[in-house]
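Working notes, structure below.
The values are calculated or read from the model by the stated rules, or taken from the named source; none is laboratory data. All values reported here derive from a predicted model rather than from experimental measurement. Note: ideal-geometry Cβ built from the backbone for every residue, glycine included; neighbour counts use all protein chains shown. Heavy atoms of the whole protein, side chains included, go into the accessibility calculation; ligands, DNA and RNA do not. Shrake-Rupley method; radii C 1.70, N 1.55, O 1.52, S 1.80 Å.
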Amino acid sequence: MDDPRKLPIVYVRGFAGGTGGINKAVDDPFYGFNEGSVHVRVGADNQPLFHQFESPLLRLLREEGYELLVKGDQAAYLAHHAEIPANTIWIHRFYDRSATTWGGSPQEYRLENAAVDLLDLVDRLREKTGAPAVYLVAHSMGGLICRCLLQKVLPDRGRAADDCVAKFFTYGTPHGGITFDLGGGLLERMRDRIGIQGADIFGPRRMYEFLTPQAQTDPDGPPDGWDARPMPTGPGTLPLERVFCLVGTNPTDYDVALGLSSAAVGPHSDGLVQIERAYVPGAQRAYVHRSHSGRYGMVNSEEGYQNLRRFLFGDTRVEASLVGYRLSGDDDLVWQAETRLAVRGLSVPMHERFAAHWSPIQLDPPPDGQEASVPLATTFLNSGLRATEGEPMRFVLDLRLISLRETGGILNLFDHLEQSADFADMLVIDVGTPEGDPEVEGIRAAWNSEIEGAIRDHSATATPRADEDPAPGRWVAHIPLPASAASLVGPDARIRLVATPWT
């Protein structure tokens, strides 16, 4: 295909557990990437409604023109064809050699071996397609296999990660390992010592082994306070802006082990991975109220697919931050922001962070001499998905500011109003070329409280916001908060929008 964005996609599945789970996994031709769903929680009283999501696999085939080249054996097809198209999807079937259903003597699963095999697949795809690199799409443990490739296997061979991988998307990957609210650390120590069904790969000792290049490995193990989440930066590494982490915030619907997993991990999780351990610092991320897997899981969800599709194939990235805010000098007040981001034409939000989902944004005073700034959301837009050519790309950022009074770390209920925002409004944002004026580009934004009638009827006819960055291809605009917020966060509080091309 002529579209340079249509690189080969390699899907890497998550943890299957012991032999029984592995045998079940290998019976699926596509390792679960083909699974859809028919439930979505958008109904009244939190009741699920019917919503037919075909699966990310079918959607990529239908909507992005990808192909599946299996012909009885994906590996055999790849081996016996000198040239194959770049717009193809491939499954990294790393569990096959560890299954007992083929006969013979299965090999013990080891994550490092799966990463080495992944490099072999990536190299063959680049050779046969002529593509400069591939996209890696991974669920759960699959993201750790990909990180082992990027952070250990390639550096150990003297190769650059950014020469092989163009973008890396993870669903619910435990980038910081898996820990539990229960047990006071005992459960983690037992898991890491015994390694039941290989689950010690989610503990710091094993993670240090498979995420650290040989030349940098300390034989005594990870140093005190070692954090598995950060990915290396610098020449030859995959830039963090090319990494996307989808974070789940719904543990309730994760019913593995009859709900014991979500109970042990705790409510601030997707049922298996705690929220703060599900992303790489500095990478792109979005929060969705979905569980780790299952009927309401991230992979087989509309939210997950829409974030994936726009990250891989979008052409514009927009970052929204709250800047210039000034908090009350009352030391007993704790401030939080809640956000939801919705793109025009989609049936689900792309991103939402709420206190009720254990994921609010904490607002802290800035260091002395610095302006307050906190990221609210980043979204990827695709001008090719607009309903009408020439219209701007529209999304809405729902913003709520909430103050909580605490005394000695205990919530003061004397004047408390649960889940009541001190400020709440929606910023309607239009990016791109407006209808009827193809020569004008930029950012238009208006608060819902200032718009008459329904948002869907609002026309982006106003003059674009002044571009505050002279660099070509980069639009920066600041939108002051409505006057009603001035007494809460000061008159200089504003939303900073930065729109840049995304390729």
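Check whether at least one residue in the range 138-155 is open to solvent by 70 Å² or more (accessible area, probe 1.4 Å), at pLDDT 95 or above and not aromatic (F, W, Y), and report yes or no. Looking for residues that are open to solvent by 70 Å² or more (accessible area, probe 1.4 Å), at pLDDT 95 or above and not aromatic (F, W, Y), one finds none in the range 138-155, hence no.
If you check V273 against the conditions, is it open to solvent by less than 20 Å² (accessible area, probe 1.4 Å), touching a Phe, Trp or Tyr at 6+ places or on another chain (Cβ under 8 Å) and modelled with pLDDT of 95 or more? So V273 fails the test.
Each residue in the range 348-361 was checked for being at pLDDT 95 or above and either surrounded by fewer than 17 Cβ atoms within 10 Å (Cβ to Cβ) or part of a strand (DSSP E or B) (or both), and 4 pass. Being in contact with a helix residue (DSSP H, G or I) (Cβ under 6 Å, 6 or more places away or on another chain), open to solvent by less than 10 Å² (accessible area, probe 1.4 Å) and not assigned by the TED database to the domain that holds I402 is the requirement here; does V265 meet it? Against the criterion (in contact with a helix residue (DSSP H, G or I) (Cβ under 6 Å, 6 or more places away or on another chain), open to solvent by less than 10 Å² (accessible area, probe 1.4 Å) and not assigned by the TED database to the domain that holds I402), V265 does not qualify.
Considering (1) modelled with pLDDT under 95; (2) within 18 Å of F423 (Cα to Cα); (3) open to solvent by less than 20 Å² (accessible area, probe 1.4 Å), the lone condition that L327 does not fulfil carries the number (3).
Applying the condition of being open to solvent by 60 Å² or more (accessible area, probe 1.4 Å) and over 22 Å from D162 (Cα atoms) to the range 210-238 and asking which residue is nearest to the chain's Cα centre (by Cα) yields D227. Contact map, the range 211-239: first residue over 22 Å from Y135 (Cα atoms) and modelled with pLDDT of 95 or more, second residue acidic (D, E) and outside any loop (DSSP other than H, G, I, E, B), Cβ cut-off under 9 Å, separation 6 or more or different chains; pairs are P213/D156; Q214/D156; A215/D156; T217/E209; P222/E209.
Among the residues that make up the range 246-254, is at least one of them farther than 30 Å from R317 by Cβ, more than 25 Å from the chain's Cα centre (by Cα), assigned by the TED database to the domain that holds Q284 and surrounded by fewer than 19 Cβ atoms within 10 Å (Cβ to Cβ)? Checking the range 246-254: not a single residue is farther than 30 Å from R317 by Cβ, more than 25 Å from the chain's Cα centre (by Cα), assigned by the TED database to the domain that holds Q284 and surrounded by fewer than 19 Cβ atoms within 10 Å (Cβ to Cβ). Of the set (1) in the same structural domain as C164 (by the TED database); (2) part of a loop (DSSP other than H, G, I, E, B); (3) in contact (Cβ under 8 Å) with a residue 24 or more places away in the chain, all apply to D3 but (1). Counting only residues that are touching a residue at least 24 places away in the same chain (Cβ under 8 Å) and part of a helix (DSSP H, G or I), the range 7-20 holds 1 of them.
In the same structural domain as R309 (by the TED database) and either within 30 Å of I196 (Cα to Cα) or not in a helix (DSSP H, G or I) (or both): is that true of L119 in this structure? Answer is yes for this residue. Only one of the numbered conditions (1) surrounded by 18 or more Cβ atoms within 10 Å (Cβ to Cβ); (2) touching a helix residue (DSSP H, G or I) at 6+ places or on another chain (Cβ under 8 Å); (3) of a type in the set (G, A, S) is not met by G345, and that is (1).
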